[in-house]
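Structure first, commentary second.
The values are calculated or read from the model by the stated rules, or taken from the named source; none is laboratory data. Since the structure is predicted, the reported quantities are computational estimates derived from the model, not experimental observations. Neighbour counts are summed over all protein chains in view; Cβ atoms, including those assigned to glycine, are modelled from backbone coordinates with ideal geometry. What goes into the accessible areas is simple: the full protein's heavy atoms, side chains included, and nothing from ligands, DNA or RNA. Shrake-Rupley method; radii C 1.70, N 1.55, O 1.52, S 1.80 Å.
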Amino acid sequence: MTAADTLVLANFIDGVLAPPRAARYLDVFEPATGAVFARCPDSDAADIDAAAQAAQRAFPAWSALSADERAGHLQRIANLLHERLEEFALAESRDTGKPLTLARSLDIPRAVSNLRFFAAAITQFASETHATSDSLNYTLRAPLGVVGCISPWNLPLYLFTWKIAPALAAGNTVVAKPSEITPLTAFMLAQVCIDAGLPPGVLNIVHGSGAATGQALIEHPAIKAVSFTGSTRTGVAIASTLAPKFKKVSLEMGGKNATVVFADWDASEANLATIVRAAFANQGQICLCGSRILVERSIYDRFKSAFVEKVRALRVGDPNEAASDLGAVVSQAHFDKVMGHIALAREEGGHVLCGGEQVRVDGRCADDWFITPTVIEGLGAAYRTNQEEIFGPVATLIAFDNDEEAIALANATRYGLAASVWTSNLSRAHRVGAQLESGIVWINCWLRRDLRTPFGGVKDSGVGREGGVEALRFFTEAKNICVAL
Ligand code: NAD
């Protein structure tokens, strides 16, 4: 690709696509080829300030619209996105390295669903009343004002819309910062918003690095609340900036999720395929991926050979090819990080059962960031390999002897985002599910998402919940009115 072919992305401020004021840009890489294909604004505090001011100007009119009118705007955006699904899926796959089939079946359809879901949800959003013999209390829920939404690179448009949709539906105006590593579909969404007739300033999208753009966003005095999804390390930095300012904050962060397989599980092909998918979907770069697989000892060897056989059969290849189950990981830095973790696992004494290598993919993808899906055994729960989030195509196997040990192993990390439990004993499923230190537990399934349910983690995985009414509550302020009767 020549410099002339390079896409130049723009910010979306006050309804207009605009270059960054300081004219600084960041390179955006296509993970499948390792080549730069776009340049994204590296915005600074002046761009954030322009966006925040536009959002402040837009707030009175936007928040005064009826819920139906705001829902109508979100529906129009969703409809246009749906019409352009293929174009967006191609862009998402190109920007992230994920298989096109995944972007087409998961990422973009879910972005459409997020917008449609919150368009409908806001029309059903209700608040409480509390009556006594001499008074009636009722709760008003008002939008906060201008809010900040910050999203990561692994599910770019999916997670971006998961934040902006409830924020807008609830009547806030938004300054949003997508990941600088995968900015393309958020940039394209700006054009969709223009085409859908979203009033200027209601949604502003400012691109750039976390340290400059992100930090300026969270510090801006007009920003009343921040909804963040990303690493725990960044979450700590955001929380410490925001705590003394008393801004509302929602943090969705890292995970080291357990998949707990009991001897009495239904060992069907379909269930095994789900456990493989739970570990390796999107190259293992989903915060919900089950990367620690705990297996009851009596079935450990049988499970291991069936699991490893299925993992070996996964095809790593060009994301554009329908036959590819896994594409490239997102960046050179992330490739190095994942390979570093595999080397560490070997140093710790782990036994690599399959994978563990860079994959050479022929053709346009030669030499880039592809890793064979990797399964490691022989390391106890306390090893770094079983403690630190790798966020790549790497899973470990650990044996356990009884329910108590399974629960203790599953809980033995600083994280607590998601878990899955596989058993045909219903009371065990409920008992274990209740004792796992995890915001989300799937029983005999994985990644089944009902958008009404609370989504988020405990311990170092998160503060607060997204989804359904939880998101609408986060993006509104409650006020109690007490009327004497
Ligand atoms: P990251 O923390 O590096 O970046 C996330 C976002 O925060 C980016 O937009 C980045 O530019 C921005 N940012 C960085 N520093 C900032 C600062 N000081 N102020 C404001 N913004 C800042 O995370 P990542 O590498 O993009 O994403 C991977 C991580 O996200 C993994 O840890 C994964 O588990 C986590 N994740 C969690 C969930 C969840 O729902 N819990 C979902 C997806 C990903």
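Show the residue pairs that are 6+ apart or on different chains and have beta-carbon atoms under 6 Å apart, the first residue being within region 225-240 and in a helix (DSSP H, G or I), the second being more than 6 Å from the ligand (Cβ to nearest atom).
That search, which allows pairs on different chains as well, returns T232/D460; G235/L251; I238/F228.
Which residue out of L417, L409, L426 is hydrophobic (A, V, I, L, M, F, W, C), in contact with a Gly (Cβ under 7 Å, 6 or more places away or on another chain) and not assigned by TED's automatic domain parsing to the domain that holds I122?
Numbers: L409 fails: in contact with a Gly (Cβ under 7 Å, 6 or more places away or on another chain); L426 fails: in contact with a Gly (Cβ under 7 Å, 6 or more places away or on another chain).
After ruling out the rest, the residue left standing is L417.
What number goes with the only condition from (1) under 26 Å from L379 (Cα atoms); (2) open to solvent by 30 Å² or more (accessible area, probe 1.4 Å); (3) charged (D, E, K, R) that R315 does not pass?
(1)
Run A23 past the list (1) surrounded by 16 or more Cβ atoms within 10 Å (Cβ to Cβ); (2) on the phi > 0 side of the Ramachandran plot and report the number of the one that doesn't hold.
Single failed check for A23: (1).
Please verify whether region 256-269 includes one or more residues that are hydrophobic (A, V, I, L, M, F, W, C), within 15 Å of the ligand (Cβ to nearest atom), modelled with pLDDT of 95 or more and open to solvent by 10 Å² or more (accessible area, probe 1.4 Å).
No: region 256-269 contains no residue that is hydrophobic (A, V, I, L, M, F, W, C), within 15 Å of the ligand (Cβ to nearest atom), modelled with pLDDT of 95 or more and open to solvent by 10 Å² or more (accessible area, probe 1.4 Å).
Being of a type in the set (A, V, I, L, M) and open to solvent by 50 Å² or more (accessible area, probe 1.4 Å) is the filter; apply it to region 215-255 and report the residue that is farthest from the ligand (Cβ to nearest atom).
Step by step, filter region 215-255, then rank; the result is A243.
Would you please name the residue that is farthest from the ligand (Cβ to nearest atom), looking only at residues in region 322-342 that are in contact (Cβ under 8 Å) with a residue 40 or more places away in the chain and of a type in the set (D, E, K, R)? Steps first, answer last, please.
The initial filter retains those residues of region 322-342 that are in contact (Cβ under 8 Å) with a residue 40 or more places away in the chain, namely 322, 324-332, 334, 337-338, 341-342.
Of the ones still in play, those that are also of a type in the set (D, E, K, R) are 325, 337.
On the way: D325: 20, K337: 10 Å.
Among residues in region 322-342 that are in contact (Cβ under 8 Å) with a residue 40 or more places away in the chain and of a type in the set (D, E, K, R), the one farthest from the ligand (Cβ to nearest atom) is D325.
Hey, among W446, W442, which residue is within 25 Å of the chain's Cα centre (by Cα), in a strand (DSSP E or B), under 26 Å from S305 (Cβ atoms) and within 15 Å of the ligand (Cβ to nearest atom)?
It is W442.
Within region 115-141, work out how many residues are within 28 Å of F160 (Cβ to Cβ) and free of Cβ contacts under 8 Å to residues at least 12 places away in the same chain. Full working, then the answer.
Pass one, region 115-141, residues within 28 Å of F160 (Cβ to Cβ): 115-127, 141.
From what is left, the residues that are free of Cβ contacts under 8 Å to residues at least 12 places away in the same chain are 124, 126.
Within region 115-141, residues that are within 28 Å of F160 (Cβ to Cβ) and free of Cβ contacts under 8 Å to residues at least 12 places away in the same chain number 2.
Of the conditions (1) assigned to a loop (DSSP other than H, G, I, E, B); (2) open to solvent by less than 20 Å² (accessible area, probe 1.4 Å); (3) within 22 Å of A410 (Cβ to Cβ), S324 clears all except one; give me its number.
The failed condition is (3).
Count, please, the residues in region 74-133 that happen to be open to solvent by 10 Å² or more (accessible area, probe 1.4 Å) and assigned to a loop (DSSP other than H, G, I, E, B).
7
Please identify the pairs in which a residue from region 458-481 that is free of Cβ contacts under 8 Å to residues at least 24 places away in the same chain and within 15 Å of the ligand (Cβ to nearest atom) has its Cβ atom under 8 Å from the Cβ atom of a residue that is small (G, A, S) and open to solvent by less than 60 Å² (accessible area, probe 1.4 Å), counting only partners at least 6 apart or on another chain.
Final answer for the pair search is G467/G456; E470/G456; E470/G464.
What number of residues within region 202-214 are within 10 Å of the ligand (Cβ to nearest atom) and buried (at least 24 other Cβ atoms within 10 Å of the Cβ)?
4
When region 452-485 is examined, which residues are found to be open to solvent by 20 Å² or more (accessible area, probe 1.4 Å) and part of a loop (DSSP other than H, G, I, E, B)?
Matches in region 452-485: R452, T453, P454, D460, G464, R465, L485.
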